[in-house]
1. Residues that are in contact with a Pro (Cβ under 8 Å, 6 or more places away or on another chain), outside the structural domain of residue 45 (by TED's automatic domain parsing) and in contact (Cβ under 8 Å) with a residue 24 or more places away in the chain: does the stretch 196-213 have at least one?
2. Say whether the condition of being surrounded by fewer than 18 Cβ atoms within 10 Å (Cβ to Cβ), in a helix (DSSP H, G or I) and modelled with pLDDT of 75 or more is met by at least one residue in the stretch 127-150.
3. Say we look at the stretch 233-258 and pick out the residues that are surrounded by fewer than 15 Cβ atoms within 10 Å (Cβ to Cβ) and not charged (D, E, K, R); which of these is nearest to residue 269 (Cα to Cα)?
4. Could you pull out the residue among 261, 202 that is loosely packed, with under 12 Cβ neighbours inside 10 Å, touching a Gly at 6+ places or on another chain (Cβ under 9 Å) and at pLDDT below 90?
5. If you scan the stretch 77-125, which residues turn out to be outside any helix (DSSP H, G or I) and either of a type in the set (Val, Ile, Thr) or free of Cβ contacts under 8 Å to residues at least 40 places away in the same chain (or both)?
6. Out of everything in the stretch 167-189 that is assigned to a helix (DSSP H, G or I) and touching a Lys or Arg at 6+ places or on another chain (Cβ under 9 Å), what residue ends up being surrounded by the fewest Cβ atoms within 10 Å (Cβ to Cβ)?
Amino acid sequence: MKTEKNILIAFLLNLSFSIFEFIGGAITGSVAIVSDAVHDIGDAASIGVSYFLEKKSKKQPDEMYTYGYARYSVLGSVITTVILLFGSVMVIYSAVRRIFNPVEINYNEMIVFAVVGVVLNFLAAYVTREGDSMNQKAVNLHMLEDVLGWIVVLIGAVVMRFTDFSILDPIMSIGVALFILVNSVKNLKEVLDLFLEKIPNGISVEEIREHISEIEGVVNVHHIHIRSMDGQCNYATMHIVTDEDAHIIKKRVRENLQEHGIVHTTLELEGTAEECHEEYCHVEHKNDDCPRLASGMRTH
């Protein structure tokens, strides 16, 4: 409940400030403020989705969603990222036009809006500083980025106030938009990797194969598949060749996989005299590995 409440507070603060920014950008004529407003609208949408999915993601697997509801969070990330990408491109387009067609900017009011931006985003970052979910940690990181962004806008506004170097405003907006664009593309790639069942970051199939093969009683391990539902909870399936007690072997393998960040495993145990029924593994277990699968796994 505490996590959900903190995310909800951050959402309301971010949404309110986004509206405030759009009004401020229109009043001051600052495209930098408008660009950050677009950013914050994306943040607000992301945090709003995070709030509802924080609740939904806790639902237990059922007959319709046998793996649970974690992928709803991933889908929400796709929607938010696409919004941010579109908004960033539009801001860059507007800023480039502003460079060639400069307009007068109200620097004093821009400084006021920047100060408010630093304070409110700092408050949102403070509210989300603690929590028991990766979701809240991600929201907190986003808020900290916003604080730094508004500090940049504040510094730029002060510089323009005393130098009248108005072209700095669209330049700053392009910088902010490019930063958002690059990070949005990175985030979209990570999400697409999840949907395409790519092996989770930080996990090596060869390393896992080697470690499990060293477990006492394990003759061979093959047909290894590793995936993630939400970028946090990792799943693995594999075939273990052994003639030892099944309960003991499964316990040892699961303990080993937990050290690699894998929380859910499905293990199929095979005897040394048994031939694997999978098409990739139509080889005797006395062989070192399943050639086709091993070569395939090295491409991850």
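1. Step one: filter the stretch 196-213 for residues in contact with a Pro (Cβ under 8 Å, 6 or more places away or on another chain), giving none.
Taking every residue of the stretch 196-213 in turn, none turns out to be in contact with a Pro (Cβ under 8 Å, 6 or more places away or on another chain), outside the structural domain of residue 45 (by TED's automatic domain parsing) and in contact (Cβ under 8 Å) with a residue 24 or more places away in the chain.
2. no
3. Here is the first cut: in the stretch 233-258, the ones surrounded by fewer than 15 Cβ atoms within 10 Å (Cβ to Cβ) are 237, 243, 245-248, 251, 255, 258.
Filter again for not charged (D, E, K, R), leaving 237, 246-248, 258.
Details: 237: 11, 246: 7, 247: 10, 248: 12, 258: 18 Å.
Restricting to residues being surrounded by fewer than 15 Cβ atoms within 10 Å (Cβ to Cβ) and not charged (D, E, K, R), the top hit is 246.
4. Working: 261 fails: loosely packed, with under 12 Cβ neighbours inside 10 Å.
None of the others qualify; the one that does is 202.
5. Step one: of the stretch 77-125, the residues outside any helix (DSSP H, G or I) are 101-106.
Scanning the stretch 77-125 gives 101, 103, 105.
6. In the first step, residues of the stretch 167-189 are kept if they are assigned to a helix (DSSP H, G or I); the result is 168-189.
Narrowing the set further to residues that are touching a Lys or Arg at 6+ places or on another chain (Cβ under 9 Å) leaves 169-170, 173.
On the way: 169: 28, 170: 26, 173: 28.
The qualifying residue surrounded by the fewest Cβ atoms within 10 Å (Cβ to Cβ) is 170.
The values are calculated or read from the model by the stated rules, or taken from the named source; none is laboratory data. It should be emphasised that the depicted structure is a prediction, and the values quoted were computed from it without experimental measurement. Please note: Cβ atoms are built from the backbone with ideal geometry, for glycine as well, and neighbour counts cover all protein chains shown.
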